[in-house]
Amino acid sequence: MCSDEHQDENTRILIIDDDEIFTHVLHRAFIKRGYEVEVAADEAQALEKTHAFEPDLISLDLKLESSSGLNLLPQLVEASPQSKIVVLTGYSSIATAVEAIKLGAVNYLCKPADADEILAAFQKQEGNPDTPLAEQPMSVNRLTWEHIQKVLHENDGNISATARALGMHRRTLQRKLQKRPVRR
């Protein structure tokens, strides 16, 4: 979707993200494109606004301040089955991408993403068999990140249980999780 393409004013977008600056920028960008926009910063607000606002589109941050977007995703799908949901994250992993799609998201984007990329993600629901394959395997650091994310997901986000499963100290795991993942 091009940036000069405007949407019907009845189309509603709910932005669920706890990053105030990012949310403000997206809010303004969607308003300029003719969308009706609401914002929620946490799980409770998200569910409340989903019921009251009845959005057509939902942009959901994967890592909210006190919860996971993956935990919120099934609740959003149940509350608003007609809504298309795109998950955004600065902490991408294969495990969370797969789970987001399984749980009902139509797409998954890595941050930073702008309004045009997010709108395009809502429209793109078909796979692309011509997507280029990586020319090199993932680095050891990226493989480590992916493995940690997989084990974390298997333990329902429980840091202590994940640390035990990985054989590492809980604080070491917390430090690793606070860092952004290595790209490749």
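The values are calculated or read from the model by the stated rules, or taken from the named source; none is laboratory data. On a predicted model such as this, the values are computed, not experimentally measured, just so you know. Here Cβ is always computed from backbone atoms with ideal geometry, including for glycine, and neighbour counts include all displayed protein chains. Side chains included, ligands, DNA and RNA excluded: accessible areas come from the protein's heavy atoms. Shrake-Rupley method; radii C 1.70, N 1.55, O 1.52, S 1.80 Å.
I'm checking my understanding of the structure. Among residues of the range 36-62 that are open to solvent by 50 Å² or more (accessible area, probe 1.4 Å) and not in a helix (DSSP H, G or I), which one is farthest from A100 (Cα to Cα)?
E36
So which residues in the range 107-131 are among the charged types (D, E, K, R), over 13 Å from the mean Cα position of the chain (by Cα) and part of a loop (DSSP other than H, G, I, E, B)?
D114, K124, E126, D130 - these are the residues of the range 107-131 that are among the charged types (D, E, K, R), over 13 Å from the mean Cα position of the chain (by Cα) and part of a loop (DSSP other than H, G, I, E, B).
Looking at the range 107-116, which of its residues are over 22 Å from E146 (Cα atoms) and buried (at least 16 other Cβ atoms within 10 Å of the Cβ)? Please lay out each step first, then the result.
Initial filter on the range 107-116 (over 22 Å from E146 (Cα atoms)): 114-116.
If the condition is that a residue be over 22 Å from E146 (Cα atoms) and buried (at least 16 other Cβ atoms within 10 Å of the Cβ), then A115 is the only one that fits.
What number of residues within the range 166-184 are open to solvent by 60 Å² or more (accessible area, probe 1.4 Å), in contact with a helix residue (DSSP H, G or I) (Cβ under 8 Å, 6 or more places away or on another chain), part of a helix (DSSP H, G or I) and over 17 Å from A95 (Cα atoms)?
Matching residues across the range 166-184 total 2.
Residue check, K32 against (1) surrounded by 16 or more Cβ atoms within 10 Å (Cβ to Cβ); (2) more than 17 Å from E65 (Cβ to Cβ); (3) without any contact (Cβ under 8 Å) to a residue 24 or more places away in the chain, all met but one. Which one?
(1)
Would you check which residues across the range 89-117 are among the hydrophobic types (A, V, I, L, M, F, W, C) and in contact with a helix residue (DSSP H, G or I) (Cβ under 7 Å, 6 or more places away or on another chain) and list them?
Initial filter on the range 89-117 (among the hydrophobic types (A, V, I, L, M, F, W, C)): 94-95, 97-98, 100-101, 103, 105-106, 109-110, 113, 115.
Passing the criteria: I94, A95, A100, L103, A105, V106, L109, A115.
Looking at the range 150-169, can you tell me whether even one residue there is in contact with a strand residue (DSSP E or B) (Cβ under 8 Å, 6 or more places away or on another chain) and farther than 26 Å from V25 by Cα?
Initial filter on the range 150-169 (in contact with a strand residue (DSSP E or B) (Cβ under 8 Å, 6 or more places away or on another chain)): 157.
Filter once more, keeping what is farther than 26 Å from V25 by Cα: 157.
Yes: one or more hits.
Which of the residues that make up the range 132-165 are part of a helix (DSSP H, G or I), under 20 Å from the mean Cα position of the chain (by Cα) and touching a residue at least 24 places away in the same chain (Cβ under 8 Å)?
Passing the criteria: R142, W145, E146, I148, Q149, K150, L152, H153.
Based on what the data block shows, is A120 over 30 Å from N141 (Cα atoms), modelled with pLDDT under 95 and aliphatic (A, V, I, L, M)?
Details: over 30 Å from N141 (Cα atoms): yes; modelled with pLDDT under 95: yes; aliphatic (A, V, I, L, M): yes.
Against the criterion (over 30 Å from N141 (Cα atoms), modelled with pLDDT under 95 and aliphatic (A, V, I, L, M)), A120 qualifies.
For G104, work out the one condition from (1) outside any helix (DSSP H, G or I); (2) small (G, A, S); (3) surrounded by fewer than 16 Cβ atoms within 10 Å (Cβ to Cβ) it doesn't fulfil.
(3)
With the condition kept exactly as written, say whether any residue in the range 138-146 is hydrophobic (A, V, I, L, M, F, W, C), open to solvent by less than 70 Å² (accessible area, probe 1.4 Å) and closer than 17 Å to L62 by Cα. Show your work before the answer.
Applying the first criterion (hydrophobic (A, V, I, L, M, F, W, C)) to the range 138-146 yields 138, 140, 143, 145.
Filter once more, keeping what is open to solvent by less than 70 Å² (accessible area, probe 1.4 Å): 138, 145.
Okay, now just the ones that are also closer than 17 Å to L62 by Cα, so 145.
Yes, that holds for at least one residue.
Residues of the range 26-35 being among the small types (G, A, S) and part of a loop (DSSP other than H, G, I, E, B), which ones?
Filtering the range 26-35 for residues among the small types (G, A, S) gives 29, 34.
Within the range 26-35, just G34 meets the criteria.
Scanning the range 72-98 for residues that are part of a helix (DSSP H, G or I) and buried (at least 21 other Cβ atoms within 10 Å of the Cβ), which turns out modelled with the lowest pLDDT? Talk me through it step by step, then tell me what you get.
Our first condition is that a residue be part of a helix (DSSP H, G or I); within the range 72-98, this holds for 72-79, 94-98.
Restricting the remaining residues to those that are buried (at least 21 other Cβ atoms within 10 Å of the Cβ) gives 72-73, 76, 96.
Values: L72: 96, L73: 97, L76: 97, T96: 89.
Looking at the filtered set, the residue picked out is T96.
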